[in-house]
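**Q** Handing you a structure now.
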Amino acid sequence: MKIIRIATRQSRLALWQAEHVKGLIESRHDDVCCEIVGMMTEGDRQADEKSAKGIGKGVFVKALELALLDGSVDLAVHSMKDVPGELPDGLMIAAICARADPRDALVSNKFDSMEALPQGALVGSSSLRRCLQIGRCFPQLRFADLRGNVETRLRKLDEGQYDALVLAVAGLERLQLAHRISQKIPTQVSLPAAGQGAVGVESRVDDAAINSLLGAIAHSETQLCVSSERLVTQTLGATCNLPVAVFASIDSEEISISSFVADIRGERVITDTIRGQSNTAPELSRTLGKRLIEQGARELIADLVHHE
């Protein structure tokens, strides 16, 4: 029996993801047994500090990557929206599992839709991307920064500190909290972050045996869409904690890739969409990235980084 060690953060959601990957691997390989290795990352430590606002999402994966590189684990499981565009030398995303619902969710104890939120309603979110997009469509709303894990955020809502929250649909559903969702927000209102809703498995490039096993759990359509989204953000030079959204979807043989980039106040916004045959996805992604740059996206991103 081959033992595979899977590194993961120790939050409930991260452990769900690791268990999900464990189940997929073991269901496809009778001679494999997976062990989950929970780890504390720098991002988890910073998340409890007042200075947590603005921390890069890459800090949530670095400790797992170091364990991969020193050989103490065989795989690392991540939420793909937390994975930086550039990976350390020697590592690769070997598989991306079938994507869950990528949309953002409105969570409220009083209101069942964005349209129902009254003038001045206070919405909690840790994502500038979400706040700026939703604020464009619903300018009557107020937004406040909200930190902590899903349970902590829901507790603050239940205590009356906020009128509503915006969280990821996938995370709530994976934690058996789908009943808390008031509305799944249309992507026309809030475009998801690159990789949102997708679980990825990182491995060592030179570990042929492990990478061969992971081929059986990869979902080709999800891999194509998420890779396309990440290629756009890489072309822009955007990190995953900036208000940059990219979402790809496939209909028959055609792929559609939509994007959103804004300045820190949402005063200048760039949106663009490109469509074409899915077998030309990398070319389409690079073309979309270049079009966004021509419209000034790189200057907006540089300004955002300066303000962090």
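We did not get these values from a lab; they are worked out from the coordinates using the rules stated. None of the values given here were measured: they were computed from a predicted structure. Virtual Cβ from ideal backbone geometry, glycine too; neighbours counted across all protein chains shown.
**Q** Ratio of Rg to Rh for the stretch 104-184, alpha carbon only, Kirkwood?
**A** Rg divided by Rh gives 0.92.
**Q** Between Lys290 and Ala216, with labels modelled 7 Å along Cα→Cβ, what's the label distance in nm to one decimal, could you check?
**A** Output for this residue pair reads 4.2 nm.
**Q** I need Met114, Met80 ordered by Cβ neighbour count within 10 Å, fewest first.
**A** Met114, Met80
**Q** I'd like the Karplus ³J(HN,Hα) series for the stretch 141-147: coefficients 6.51, -1.76, 1.60, θ = phi - 60°, whole numbers in Hz, and an x wherever there's a Gly or Pro.
**A** 8, 10, 10, 9, 5, 9, 10
**Q** Go through the stretch 90-183 and name the GluC sites (Glu not before Pro) that are in a DSSP coil and have 10 or fewer other Cβ atoms within 10 Å of their Cβ.
**A** Sites meeting the loop and neighbour criteria: Glu159.
**Q** Which part of the stretch 92-119 falls in the paramagnetic zone of Val205, meaning amide N under 16 Å from the point 7 Å along Cα-to-beta-carbon?
**A** Of the residues in the stretch 92-119, 92-95 have backbone N under 16 Å from the label point off Val205.
**Q** Taking Cα pairs under 8 Å and at least six residues apart, what relative contact order does the chain come out at, in percent?
**A** Answer for the chain is 19 percent.
**Q** Another one. Using 7 Å Cα-to-Cβ label points, what is the Met1/His20 separation (nm, one decimal)?
**A** Computed distance between label sites Met1 and His20 equals 2.6 nm.
**Q** State whether the stretch 130-255 is rounded, prolate or oblate according to the following rule on the C-alpha gyration tensor (a ≥ b ≥ c being the square roots of its eigenvalues): a/c under 1.5 gives rounded; otherwise a/b larger than b/c gives prolate, and the remaining case gives oblate.
**A** It comes out prolate by the Cα gyration axes.
**Q** Compute, for the stretch 132-262, the length of the dipole vector about the Cα centre, with Cβ point charges of +1 (Lys, Arg) and -1 (Asp, Glu) only. Units Debye, rounded to 20.
**A** 560 debye
**Q** Where does helix 128-137 land angle-wise versus the long Cα axis of the chain, in degrees 0 to 90, nearest 10?
**A** Long axis of 128-137 versus the principal axis of the chain: about 40 degrees.
**Q** Spin-label point model (7 Å from Cα, Cβ direction): what's the Ser249 to Val269 distance in nm?
**A** Distance between label points: 1.8 nm.
**Q** Taking the chain on its own, what percent of its Cα-Cα pair distances exceed 26 Å?
**A** More than 26 Å apart: 46 percent of the Cα pairs in the chain.
**Q** Can you give me the pair-distance distribution of the stretch 219-308, C-alpha pairs, 5 Å bins, whole percents?
**A** Reading upward from the zero bin: 3, 16, 29, 22, 15, 9, 5, 1, 0.
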